[in-house]
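Data first, discussion second: the structure below is written as structure tokens.
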Amino acid sequence: MAVVFEKPTLVQRLAPLFRGFDLPLLLLVLMLASAGLLAMYSSGYDHGTRFVDHGRNMLIAGAILFMVAQVPPQKIMACAVPLYLTGVALLVAVALFGITKKGATRWINVGIVIQPSEILKIAMPLMLAWWFQKREGTLRPLDFAAAGLLLAVPVGLVMKQPDLGTSLLVLAAGLSVIFFAGLSWKLILPPVLIGGVGIATLVLLGDQLCADGVRWVVLHDYQQQRICTLLDPTRDPLGKGFHIIQGMIAIGSGGLWGKGFMAGTQTHLEFIPERTTDFIFAAYSEEFGLAGNLFLLVCFLLLVWRGLAIAAGASTLFGRLMGGAVSMIFFTYAFVNMGMVSGILPVVGVPLPFISYGGTAMVTLGLALGILMSVARSQKQETKDPLPAAL
């Protein structure tokens, strides 16, 4: 008797690769990516090949997301130490042999020119999640101190370049892991209170602290100028304060519903600097108004919430910590970018996820989402195929 074997279709062969993907997370990413393409076309259609390149970068990030999602969290954890050590070694190499552009030494030539600090945005939370996973159930205060040291080394090297924006992102990613690992509130509250006192002091004594000739020894000159410009952009309206002033004008002129797609005057008359990168939120706000901003805010908040939900359901400490860290990375990116464009935070080089142009940042986001999707798939597979009771 002849046996006939049916050849599986292409869909049947590809289906297992997508099984376990978190659909709400994918939907939110697609919505933000669509908004990013819309904003990039409007602000960058006459800016070389920015729109086409932005779409290409999204496809690359999507491919990275898909590939990383196929890797189990246990194998991702195995990459933590090599990736962290490689990143730190490259940062040291940058300090010794780096390429300087516009007064900052952030790049190194290893056959191609790369910015090693970008590696630490993912390597740092991976390393700390690995560290706490290995010490699960036996955590001591000394383990948190060691985690702080692991975090301080790359953050210090990045700040020395100097690169305040990236150092803040690496610091936020690392601190989120330490917090989710169970750091005591007794250790969290003192620095929070000190930070609050520092901010209040800056607001109340800003004129005296920013007076000519006053030097802040803990910051570089450009960092001091950014903070002083934030407190009073009109101090230098055509120089350091120009970015903040034009960003706020664009946001305010958008009103409730915006001026309409490709109808933003501040954008297309080129008053907004860096309108396709760091300040694309101002261009987006002018054309889509408060309604468009609320759409972005809701999407980002739901993305963070979904990431935290995935983290809470992970079966391992590593999965929970990485899921939480990735969620807070997206929160930090969005909060810092929107805050600086709106004039409530100093201007730093932090892109708005999926909206701003940038190849390296998009790849980093794709990698982060791939890790989060890997955690989600692992959780669903374990729920679907539980271990036998005898085991």
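The values are calculated or read from the model by the stated rules, or taken from the named source; none is laboratory data. Only a predicted model underlies this, so the values are computations on that prediction, with no experimental measurement involved. We place every Cβ from the backbone using ideal geometry, glycine too, and count neighbours over all the protein chains shown. Protein only, heavy atoms only, side chains kept; ligands, DNA and RNA dropped before computing areas. Shrake-Rupley method; radii C 1.70, N 1.55, O 1.52, S 1.80 Å.
W305 fulfils the conditions (1) open to solvent by 30 Å² or more (accessible area, probe 1.4 Å); (2) more than 19 Å from the chain's Cα centre (by Cα) except for a single criterion, (2). Being among the charged types (D, E, K, R) and assigned to a loop (DSSP other than H, G, I, E, B) is a description that does not apply to K186. With respect to the conditions (1) assigned to a loop (DSSP other than H, G, I, E, B); (2) over 22 Å from G165 (Cα atoms), I249 lacks only one, and its number is (1). Considering only residues in region 335-364 that are of a type outside the set (S, T, Y), open to solvent by 10 Å² or more (accessible area, probe 1.4 Å) and in a helix (DSSP H, G or I), the one that is modelled with the lowest pLDDT turns out to be G359. Taking (1) buried (at least 19 other Cβ atoms within 10 Å of the Cβ); (2) among the hydrophobic types (A, V, I, L, M, F, W, C); (3) out of contact with any Lys or Arg (no Cβ under 7 Å at 6 or more places or on another chain); (4) within 18 Å of V336 (Cβ to Cβ) in turn, L157 satisfies each apart from (4). Within region 264-275, identify whether any single residue is open to solvent by 40 Å² or more (accessible area, probe 1.4 Å), acidic (D, E) and under 27 Å from the mean Cα position of the chain (by Cα), and answer yes or no. Taking every residue of region 264-275 in turn, at least one turns out to be open to solvent by 40 Å² or more (accessible area, probe 1.4 Å), acidic (D, E) and under 27 Å from the mean Cα position of the chain (by Cα). A single entry from L171, L151 fulfils the requirement of being open to solvent by less than 70 Å² (accessible area, probe 1.4 Å), in contact with a helix residue (DSSP H, G or I) (Cβ under 8 Å, 6 or more places away or on another chain) and over 19 Å from P82 (Cα atoms): L171. For region 188-235, a residue qualifies if it is β-branched (V, I, T), loosely packed, with under 15 Cβ neighbours inside 10 Å and in contact (Cβ under 8 Å) with a residue 12 or more places away in the chain, and exactly one does: V203.
Could you check how many residues of region 107-124 are more than 18 Å from A147 (Cβ to Cβ) and touching a residue at least 60 places away in the same chain (Cβ under 8 Å)?
Filtering region 107-124 down to residues more than 18 Å from A147 (Cβ to Cβ) leaves 107-119.
From what's left, touching a residue at least 60 places away in the same chain (Cβ under 8 Å): 115, 118.
Number satisfying all stated conditions: 2.
If you take the residues in region 311-333 that are β-branched (V, I, T) and closer than 20 Å to C79 by Cβ, which one is most open to solvent (accessible area, probe 1.4 Å)?
Initially, region 311-333 is screened for residues β-branched (V, I, T), giving 316, 326, 329, 332.
After this cut, where a residue has to be closer than 20 Å to C79 by Cβ as well, the list is 316, 326, 329.
Values: T316: 46, V326: 2, I329: 18 Å².
Checked region 311-333; the qualifying residue most open to solvent (accessible area, probe 1.4 Å) is T316.
Residues in region 43-87 that are open to solvent by less than 70 Å² (accessible area, probe 1.4 Å) and free of Cβ contacts under 8 Å to residues at least 12 places away in the same chain: G48 only. Among the residues of region 92-111, the ones that are over 10 Å from Q161 (Cα atoms) and out of contact with any strand residue (DSSP E or B) (no Cβ under 6 Å at 6 or more places or on another chain) come to 9 in all. Among the residues of region 189-226, those that are in a helix (DSSP H, G or I), under 26 Å from F242 (Cα atoms) and β-branched (V, I, T) comprise I199, T201, V203.
Of the residues S176, S253, the single one that is open to solvent by less than 30 Å² (accessible area, probe 1.4 Å) and under 30 Å from N293 (Cα atoms) is S176.
Taking the conditions exactly as written (assigned to a helix (DSSP H, G or I), under 19 Å from the mean Cα position of the chain (by Cα) and not hydroxyl-bearing (S, T, Y)), does V170 satisfy them or not?
Numbers: assigned to a helix (DSSP H, G or I): yes; under 19 Å from the mean Cα position of the chain (by Cα): yes; not hydroxyl-bearing (S, T, Y): yes.
Yes; evaluated as a whole, the condition is true for this residue.
The set of residues in region 99-144 that are under 20 Å from L83 (Cβ atoms) and part of a loop (DSSP other than H, G, I, E, B) comprises V110, G111, I112, Q115, P116, R135. When each of K186, K102 is tested for being more than 21 Å from the chain's Cα centre (by Cα) and either acidic (D, E) or over 24 Å from M322 (Cα atoms) (or both), the lone residue that passes is K102.
Taking the listed residues E286, E274, the one that is part of a helix (DSSP H, G or I), acidic (D, E), farther than 30 Å from S374 by Cβ and in contact (Cβ under 8 Å) with a residue 24 or more places away in the chain is E286, with no other qualifying.
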